[in-house]
Amino acid sequence: MANSKKTVVIGASPNPSRYAYQAAHMLSRHGHDFIPLSIKKGNVAGEEIMDLREKPVITDIDTLTLYIGPQHQAEWIDYLLSLSPRRIIFNPGTENKYFIQKAEGQGVEVVSGCTLVMLQTGTY
């Protein structure tokens, strides 16, 4: 099996000051396939941002990494879980008790952590 962990960056951004932008670039540098998914348009680290509102079908996902706050997650929870990720990383500020319980109830590994730190420390 390849070392790459296909990751969907939820809340991806073409804005270099956003953590989601930095995560996309770092995933790319570490050799992980990533799919940017957001309501924002543009591209990041050479990948076109897919429109979250279209709820695209994405398969073979290892990880969802969240960069949208709990106040904006409700309408996407069922869709995101339907993608059948192996794990979801709740980056700082994205923690959502309801989403976490629902994910764990479906057997999804839940990590409260920072994707950037995990990549930098080799714990991704």
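Quick note: the coordinates plus some simple rules give every number you see, no bench work behind them. Every value quoted in this text rests on a predicted model; they were computed, and no experiment measured them. Here the Cβ positions follow ideal geometry from the backbone for every residue, glycine too, while neighbour counts run over all protein chains shown.
Over the chain, dividing the summed -39,500 (n - 2.57) contributions of all DSSP H runs of at least 4 residues by the number of residues returns a 222 nm mean residue ellipticity of -7000 deg cm²/dmol. Highest GNM mean-square fluctuation among Gln22, Gln106, Gln73, for the chain modelled with Cα contacts below 10 Å: Gln106. The GluC sites (Glu not before Pro) of segment 35-124 that meet both conditions, a loop assignment by DSSP and at most 16 other Cβ atoms within 10 Å of the site Cβ, are Glu95.
When you filter the trypsin sites (Lys or Arg not before Pro) in segment 14-100 for DSSP loop state and at most 11 other Cβ atoms inside 10 Å of their Cβ, you are left with Lys41. One entry in [x] 31; [y] 17; [z] 10 is percent of Cα pairs over 26 Å apart calculated from the shown coordinates; its label is [z].
For the chain, the dipole from Cβ point charges (+1 on Lys and Arg, -1 on Asp and Glu) about the Cα centre works out to 200 debye, to the nearest 20.
All other residues with a Cβ under 14 Å from the Cβ of Ile77 taken together, and with Lys, Arg as +1 and Asp, Glu as -1, what is their net charge? Kindly include the intermediate steps, with their values, before the conclusion.
On the way: positive: Lys55, Lys97, Lys102; negative: Glu75, Asp78, Glu95, Glu104.
Charge balance in the 14 Å sphere: -1.
Per residue, the average separation of C-alpha pairs within less than 8 Å and at least 6 apart gives the chain a relative contact order of 22 percent.
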